[in-house]
Amino acid sequence: MAESLNERIRETFQIEERDIKTFSPLTLAFIGDGVYEIVVRTLIVDQGNTSPSKLHKMSAHIVRAESQAAVIDSLQEILTDEEKEVARRGRNAKSNTHAKNASVMDYRKATSLEALLGYLYLKGEDKRILELIKAGLKKGNFI
């Protein structure tokens, strides 16, 4: 079975395993934001070679909090109980920051999605990450 990207990074940089259940939801969201961003950017780049500003504009509507909120809402019926719990913790996390152009609820839901993706990434569940992102983007008519 192929190693996950997280496993390869840990091996390359000799990073010890940690119990991911000890990470705060906002820490999970921090890494999950990057995971979501790289998947979306990969999808956008696949649509054609163009200027970075155009690529940014193409991806911006997918990665904004409102869109991420729609994605996590659309996934509720296919999440496992464990995934729902991680997402709930992300949604309820108290953050000192907020999105400039998003409602508080959309921002919390976006954090929920990011926390879930971060959790799955740290568990090495790349296939599940892609399955969920694909389902959410399709249901939300983003792809």
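The values are calculated or read from the model by the stated rules, or taken from the named source; none is laboratory data. These figures come from a predicted structure and were not determined experimentally. Reconstructed Cβ throughout: ideal geometry from the backbone, glycine too, with neighbour counts over all protein chains shown. Side chains are part of the model used for accessible areas, which takes the heavy atoms of the whole protein and leaves out ligands, DNA and RNA. Shrake-Rupley method; radii C 1.70, N 1.55, O 1.52, S 1.80 Å.
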* Here are some residues: Glu37, Glu11. Which one is in a helix (DSSP H, G or I), surrounded by fewer than 17 Cβ atoms within 10 Å (Cβ to Cβ) and in contact (Cβ under 8 Å) with a residue 24 or more places away in the chain? -> Glu37
* **Qualifying position, being of a type in the set (Lys, Arg), modelled with pLDDT of 95 or more, surrounded by 20 or more Cβ atoms within 10 Å (Cβ to Cβ) and assigned to a helix (DSSP H, G or I), among Lys84, Lys109, Lys127, Lys138** => Lys109
* Structure fact -> In region 16-33, anything free of Cβ contacts under 8 Å to residues at least 60 places away in the same chain and of a type in the set (Val, Ile, Thr) is listed as Thr22
* Asked: Any idea which residue in region 14-34 is farthest from Leu122 (Cα to Cα), counting only those that are open to solvent by 70 Å² or more (accessible area, probe 1.4 Å) and assigned to a loop (DSSP other than H, G, I, E, B)?
  -> Gln14
